[in-house]
1. List the relative contact order of the stretch 185-307 as a percent without decimals, with contacts defined as Cα pairs under 8 Å and 6+ residues apart.
2. For the ranges 206-214, 282-290, what's the packing order if you count other beta-carbon atoms within 10 Å of each residue, average per peptide, and put the highest first?
3. Give, in nm to one decimal, the length gained when the segment between residue 240 and residue 22 is fully stretched (0.36 nm per residue of separation minus the Cα-Cα distance).
4. Assuming R0 = 45 Å, can you tell me the calculated FRET efficiency for the pair residue 145 and residue 62, based on Cβ-Cβ distance, to the nearest 0.05?
5. Under a crude label model (7 Å from the Cα following the beta-carbon direction), how far is residue 104 from residue 153 in nanometres?
6. Once you sort the root eigenvalues of the Cα gyration tensor of the stretch 197-292 as a ≥ b ≥ c, which label holds: rounded (a/c under 1.5), prolate (a/b larger than b/c) or oblate (the other case)?
7. For the modelled label position 7 Å from the Cα of residue 97 along Cα-to-Cβ, which residues of the stretch 106-120 have backbone nitrogen atoms closer than 19 Å?
8. Label residue 293 and residue 88 with points 7 Å out from Cα along Cα→Cβ: what is the distance between them in nm?
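Just so it is clear, none of the values below were taken in a lab; they were calculated from the coordinates. If you're wondering where the values come from, they're calculated on a predicted model, not measured in any experiment. Positions of Cβ are generated from backbone atoms using ideal geometry, with glycine treated the same way; all protein chains shown enter the neighbour counts.
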C-alpha cells in the first residue's frame, strides 16, 4: 500500500528524523516541491513556466504540477526501499522497477506526455541515496556519491530499453542523465549548489538566484534534450545564450534580463527546450533543502502578474 499524502502532520517533526516512514515521506515531499518550484520558476528559456508551455506542445504548468504530485508516492517508495540498505544490484533493480511504475503513472496522468521521465531517474537516485542517512541531513556531495554508486549497477530487468539520452550519447557523445549520475552529478554538486549559495550570499532574491543557477547549469551541460531535438546547433545556441546572461551580471540586471528574453525567443524559434537543465535545477533545489535541513522547498516568489498563463 502506498503512503497517504492527504495529511502533512507526519512531516512537521524536527530534524533529524528517527522515524523511517516520516523520513521517506519528507524526502519525497521535498522532491515533489523541488519539481514544482522548478516548473513555476519564470521566465525560463524554452521551458514550461508561469508564462507558457515554452517550446512544448504537449505540456503546461498544470500538467507539470500534476505529474510531480503523481510521482511523489513512488519516490517515497524508493526512499523506503533504501532505508537501512546500501547500494547493491538487488536494490538497484527494485528502484528501477519502482521507477518504471512511476513512469507509467506519469504517462497516465499527463495523457502520454513525458513531463518528468528524466527527473524520475535523477531524483529517484538522489532520494534513495538521501534515505540511507535516516539519522540526519548528510552533505549533498555524500548523497551524490551514494547515488553514483547506486547507478553503477545495471538494470538487468530492462536491458533493451533505449532512452533519447542513449540515442544522443551514441550520436554526439553526450553523457545524458545516466552519465550525470555515473559522474556523481557534477552539474549539481560543482555548479548548481555553489552558484545558488553564492547568489544568496551576495543578496540576490531567491528568484534571481534560482534563475542564475539554471543558466549556469545550461552554460555548461551538454543537454541531451537540446541535442535530440535540435542537434549541436541548438545546444551551442543555448550554452552561448546562457553564458551571455552570466557575463551581463545575471538575470537580476537589466541587460541580463534582456539577454535572457532573447535566449528564450531563440529557443522557441528552434522549437527546443533544455529539459535536462530543468531536471538538474530541481535536483539542486532538492539537495539544497536536504543539506540545509529545510522543511520545504519554497515556491517561486517572482510575483509577476502575467506569469500564470500556463494553468
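1. Contact order relative to length: 29 percent.
2. Going from most to least packed, we get 282-290, 206-214.
3. Between residue 240 and residue 22, full extension yields 74.1 nm more.
4. Computed FRET efficiency for residue 145 and residue 62 comes out at 0.80.
5. It is 2.2 nm.
6. It is oblate, given that a/c is not under 1.5 and a/b is not larger than b/c.
7. Residues 106 fall inside that zone.
8. If labels sit at residue 293 and residue 88, their model points lie 3.1 nm apart.
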